[in-house]
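I have a structure I would like to understand better, so I am pasting it below and will then ask my questions one at a time.
The values are calculated or read from the model by the stated rules, or taken from the named source; none is laboratory data. Note that the structure is predicted; figures quoted are calculated from it, not measured. Reconstructed Cβ throughout: ideal geometry from the backbone, glycine too, with neighbour counts over all protein chains shown. These accessible areas exclude ligands, DNA and RNA; they are computed on the full protein's heavy atoms, side chains included. Shrake-Rupley method; radii C 1.70, N 1.55, O 1.52, S 1.80 Å.
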Amino acid sequence: MTATIGHSPEVRADLDNANIARIYDYFLGGLYNFAIDRERAERIKLMLPSVDLLARGNRDWLRRSVRYMAAHGVRQFIDIASGLPTVGNTHEVAHAVDPSARVVYVDNDPSAVAHGTDILAAEPHVAMAGVDGRHPEQVWAHPAVRELIDLSQPVGVVLGGLLVFVRDDEDPAGLVAAYRDALAPGSYLAMSHLSADTVDDETRAQVGRMVAAYQAGVGASLYVRDKATFSSWFTCMELVEPGVTLMADWRPDPGLDVDAQTPSRHLGYGAMGRIG
Ligand SMILES: C[S@@+](CC[C@H](N)C(=O)[O-])C[C@H]1O[C@@H](n2cnc3c(N)ncnc32)[C@H](O)[C@@H]1O
């Protein structure tokens, strides 16, 4: 069964299969999700009750990262493994600083790309590209990227949802280095990652069950990584202060630490490197 989503009748959603981007949208409190997504999301939440706060913490970190890059002169952004461009995403933050900023969202899920394209139809200088983020050369070659992004100028690249899906044998460090090496001096690479090295055994077990529920619900494999591994990916970049921290501790907005009391606060690192 399918249904219309967004504004265009030709953009149709698969109602029989849950979707990572729409589950994430549900966790964020968005409107682009269906019953099957909500049902799978609630099963995942049973395993890790604060998983929605983890998603919100990741999105809040992303917003602060984009705001930092825009405040430091970046006017073009690529958000890789973006999910749906809703709920205060990259283009909204960038355009609050400069309405002429250019943004390309990249996702390999055709349904997220179709819905995202529809959502962004009225947005100037913003596009959605259907590309597998594990292949940077395909990202650079995509027509939307070629049209909107000038690689000879600084670019803000956000890897806020990709690396958690990349297996060790797919060489995440090499993937990050490939993105880094394509960027002009003055560019920034912001990354976040699921982690569980500072939590108690019960929370770590919940994370394991949450990962299994994602696998069962949408067939996606998620990987948990420690601080040393995540930090090692910032080689040959200048780490922006305060370095590698829990996402919630990366340049927090005063008084807005919504998840201060929850285990999810300790389940993800965030950091940003500047390319010199
Ligand atoms: C957790 S959601 C979006 C998170 C969002 N970036 C944020 O930080 O708020 C993860 C997204 O990654 C996408 N994704 C997973 N593997 C990918 C890949 N290899 N290339 C591109 N997108 C990918 C999924 O389709 C999903 O929409």
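If you place +1 on the Cβ of every Lys and Arg, -1 on the Cβ of every Asp and Glu, and leave all else neutral, what size is the dipole of the range 50-274 about its Cα centre, to the nearest 20 Debye?
The calculation lands at about 280 debye.
In sequence order, what are the phi-derived ³J(HN,Hα) couplings for the range 41-48 according to the Karplus relation 6.51 cos²θ - 1.76 cosθ + 1.60 with θ = phi - 60°, rounded to whole Hz, with x for glycine and proline?
Couplings: 4, 5, 5, 5, 5, 4, 6, 9 Hz.
Testing the spin-label approximation: label points 7 Å from Cα along Cα→Cβ at ASP169 and ALA121. State their distance in nm.
Between ASP169 and ALA121, the simple spin-label model gives 4.4 nm.
Among LEU194, LEU15, what's the order by accessible area (1.4 angstrom probe), most exposed first?
Result of the area sort, largest leading: LEU15, LEU194.
Once you place label points 7 Å from the Cα toward the Cβ at GLN215 and ALA184, how far apart are they in nm?
4.4 nm
Determine how large the accessible area of ILE20 is when every protein chain is in place; take a 1.4 Å probe and give Å² rounded to the nearest 10.
ILE20 exposes around 60 Å² with every protein chain in place.
Quick one: ranking PHE165, PHE27 by accessible area, 1.4 Å probe, largest first, what do you get?
The ordering from most to least exposed comes out as PHE165, PHE27.
Could you work out [θ]222 nm for the chain from helices alone, using -39500 (n - 2.57) per DSSP H run of at least four and dividing by all its residues? Round to the nearest 500 deg cm²/dmol.
Estimated from H runs of four or more residues: -12000 deg cm²/dmol.
Please give the contour-minus-distance gain from LEU31 to ALA96: 0.36 nm per residue of separation, less the Cα-Cα distance, rounded to one decimal in nm.
Stretched out fully, the LEU31 to ALA96 stretch lengthens by 21.2 nm.
Which listed residue (PRO172, PRO143, SER187) has the Cα farthest towards the positive end of the charge dipole for the range 50-274, taking +1 on Lys and Arg C-beta and -1 on Asp and Glu C-beta about the Cα centre?
The residue sitting most towards the positive pole is SER187.
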